[in-house]
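**Q** One structure coming up, written as structure tokens, with questions to follow.
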Amino acid sequence: MGKNLYQKVWDEHAVGTLADGRTQLFIGTHLIHEVTSPQAFGMLRDLGLSVKYPHRTFATVDHIVPTDNQQQPFADPLADAMITELRKNVQEFGIKYFDLSSGMQGIVHIVGPEQGITQPGSTIVCGDSHTATHGAFGAIAFGIGTSQVRDVLATQTVAMEKLNVRRINVEGKLRPGVYAKDVALHIIRLLGANGGIGYAYEYGGSVFDSFTMEERMTVCNMSIEGGARCGYVNPDQTTYDYLEGRPYTPKGEGWDAAKERWASYASDSDAEYEDVVNIDAADIAPTVTWGISPDHGVSISESIPDPDQAKDEVEKSVIEEALEYMKLPAGTPIKGVDVDVAFIGSCTNGRISDFREVAAYLKGHKVADGVKAIAVPGSQITATLCEKEGIDQIFTDAGFEWRAAGCSMCLAMNPDKLIGDQLCASSSNRNFKGRQGSPIGRTVLMSPLMVAAAAVTGKIADAREVFTVSES
Ligand SMILES: CC(C)[C@H](C(=O)O)[C@@H](O)C(=O)O
Ligand code: SF4
């Protein structure tokens, strides 16, 4: 019987069994950011310990950076203290840091792949739940808590329980106007926000085979929204083509050897899975959320659920609570709901391909009166590429604010926040209550092109109708 990638990578990195039965897993790459690392470094110091393998740790700053005025000191003294603390820690422990002045700063899950730090067959952790993004490269990548960040800094290992693996096949061809984000939202709607608990998701099938790395990252990114601790795609030629020539990937003879080794991690054709789910690509529509959990999704042509049509009392109260918060009328079409803010960015959809795709359609359109639209590249490299290609100009001509790289309004740990009960069409990954900075702010998740359609019409709209979306 063959093994799947998760089993292979796990077996190779398991270095011990702890008294409580958990596995001590060796961590190939540790990514850190300013939010979850300061206390970990503090604990390390308190224990008189040092960083075991500083060259396996990489830092960037993303959550708290303002995306307009980045002059220090930042207006928010807490944010300023956090970036100062990160700088102090990386300096003291000799850790590579992509600072604001590096030209390579950005959201940690965008920086790792861009630099070629994210590689197949490795174990990657970060004190951040969206670490699953890196699984797109065929790595076991998962988020950890601050005390585990301390453990990894001190020992380069973490205590873990082995997950089951669910293979999710998406077969066929996506319809025009249907994007990786829709695939992610569709999977989560189908399996539930808790459906993946205890699982690693292995994504495959013809849709993933033909996806770019950036599309694979979008889906892997949202594994956690489906309850899965990690998600991955097996490495293939697309993976190697993306990684070739990046700063941290092997060069020359080392490159060929690396490719051969990476390929060996891909799941065997006779690998077994604890569960298999098959999805027909043709069933996936442009999807948007209507509620306060990422599995509250409907296709753009559907209506907001009606609690009176719920299948049981539990579902009824879930719908009632969500609609009360979202201030949306039950049973009416989601299309046409008024939008106040449009946000394109985040580690889900803040990559170069996202901005290129939107720019291709946005030209000649204008953001609707009364809508605040912001475009936030996920990294400085993304921003520079967009600026070279004139993409920033297309966005600003349309009436978007073009910002500097960071997490921005995805989580609003920076000045980019919703005000009051503003409703935001957002390309990010979470629509929890208060997620975007206002305790009563409302988030509707969708693909970047759908956000652009919402921006130009001032309503939740079908991008295929707003723009002429053709077969890609
Ligand atoms: C701040 C950080 C710990 C958090 C996470 O773990 O994901 C954030 O990135 C988020 O998206 O909610
Ligand atoms: S962009 Fe959003 S989801 Fe991604 S790391 Fe930042 S806050 Fe978390």
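**Q** Residues in the stretch 413-421: is at least one surrounded by fewer than 24 Cβ atoms within 10 Å (Cβ to Cβ), within 16 Å of ligand 1 (Cβ to nearest atom) and among the small types (G, A, S)?
**A** No, there is no match, as no residue in the stretch 413-421 is surrounded by fewer than 24 Cβ atoms within 10 Å (Cβ to Cβ), within 16 Å of ligand 1 (Cβ to nearest atom) and among the small types (G, A, S).
**Q** Of V314, V298, V288, which residue is within 30 Å of C424 (Cβ to Cβ), in a helix (DSSP H, G or I) and of a type in the set (A, V, I, L, M)?
**A** Within the list V314, V298, V288, the selection yields V314.
**Q** Counting just the residues of the stretch 439-472 that are polar (S, T, N, Q) and open to solvent by less than 10 Å² (accessible area, probe 1.4 Å), which one comes out nearest to S346 (Cα to Cα)?
**A** By that ranking, first place goes to S447.
**Q** List every residue pair whose Cβ atoms sit under 7 Å apart, with the two residues 6 or more apart in sequence or on different chains, where the first one lies in the stretch 212-236 and is in contact (Cβ under 8 Å) with a residue 60 or more places away in the chain and the second, anywhere, is of a type in the set (D, E).
**A** Y232/E202
Yes/no per residue for (1) surrounded by 14 or more Cβ atoms within 10 Å (Cβ to Cβ); (2) among the aliphatic types (A, V, I, L, M):
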position	(1), (2)
G192	yes, no
I224	yes, yes
G227	yes, no
T238	yes, no
G245	no, no
Y273	yes, no
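**Q** Residue by residue through the stretch 422-434, note down the ones that are part of a loop (DSSP other than H, G, I, E, B) and either open to solvent by less than 30 Å² (accessible area, probe 1.4 Å) or among the small types (G, A, S) (or both).
**A** S427, S428, N429, N431, G434
**Q** Would you check which residues across the stretch 316-368 are without any contact (Cβ under 8 Å) to a residue 60 or more places away in the chain and on the phi > 0 side of the Ramachandran plot and list them?
**A** Answer for the stretch 316-368, where residues must be without any contact (Cβ under 8 Å) to a residue 60 or more places away in the chain and on the phi > 0 side of the Ramachandran plot: G331, G364.
**Q** If you go through the stretch 407-434, how many residues are closer than 14 Å to V341 by Cα and either not assigned by TED's automatic domain parsing to the domain that holds F395 or not polar (S, T, N, Q) (or both)?
**A** Count: 12.
Residue-wise test of (1) within 21 Å of T123 (Cα to Cα); (2) in contact with a Gly (Cβ under 7 Å, 6 or more places away or on another chain); (3) crowded, with 24+ Cβ neighbours inside 10 Å; (4) assigned by TED's automatic domain parsing to the domain that holds V170.
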{"site": "Y201", "(1), (2), (3), (4)": "yes, yes, yes, yes"}
{"site": "N221", "(1), (2), (3), (4)": "yes, no, yes, yes"}
{"site": "V233", "(1), (2), (3), (4)": "yes, yes, yes, yes"}
{"site": "D241", "(1), (2), (3), (4)": "yes, no, no, yes"}
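**Q** If you check M104, M43, which single one turns out to be in contact with a helix residue (DSSP H, G or I) (Cβ under 9 Å, 6 or more places away or on another chain), touching a residue at least 60 places away in the same chain (Cβ under 8 Å), under 20 Å from V376 (Cα atoms) and away from ligand 2 (no atom under 16 Å from the Cβ)?
**A** Going through M104, M43 in turn, the sole match is M104.
**Q** Considering only residues that are open to solvent by less than 60 Å² (accessible area, probe 1.4 Å) and assigned to a loop (DSSP other than H, G, I, E, B), which ones fall in the stretch 318-364?
**A** Within the stretch 318-364, L328, A330, G331, T332, I334, G336, V337, V339, D340, G345, G350, R351 qualify.
**Q** While we're here: Quick one: which residue in L153, L163 is more than 25 Å from R45 (Cα to Cα) and in contact with a Lys or Arg (Cβ under 8 Å, 6 or more places away or on another chain)?
**A** Just one listed residue meets the conditions, L163.
**Q** One residue is enough: does the stretch 279-295 have a residue meeting the conditions polar (S, T, N, Q) and surrounded by fewer than 14 Cβ atoms within 10 Å (Cβ to Cβ)?
**A** No, because not a single residue in the stretch 279-295 is polar (S, T, N, Q) and surrounded by fewer than 14 Cβ atoms within 10 Å (Cβ to Cβ).
**Q** Go over the candidates S438, S426, S447 one by one and state the one that is at pLDDT 95 or above, within 13 Å of ligand 2 (Cβ to nearest atom), on the phi < 0 side of the Ramachandran plot and of a type in the set (S, T, N, Q).
**A** Criteria check complete, one pass: S426.
**Q** Criterion first (within 16 Å of ligand 2 (Cβ to nearest atom) and of a type outside the set (S, T, Y)) does I83 satisfy it?
**A** It is true that I83 is within 16 Å of ligand 2 (Cβ to nearest atom) and of a type outside the set (S, T, Y).
The values are calculated or read from the model by the stated rules, or taken from the named source; none is laboratory data. Every value quoted in this text rests on a predicted model; they were computed, and no experiment measured them. Backbone-built Cβ (ideal geometry, glycine too); neighbour counts: all protein chains shown. What goes into the accessible areas is simple: the full protein's heavy atoms, side chains included, and nothing from ligands, DNA or RNA. Shrake-Rupley method; radii C 1.70, N 1.55, O 1.52, S 1.80 Å.
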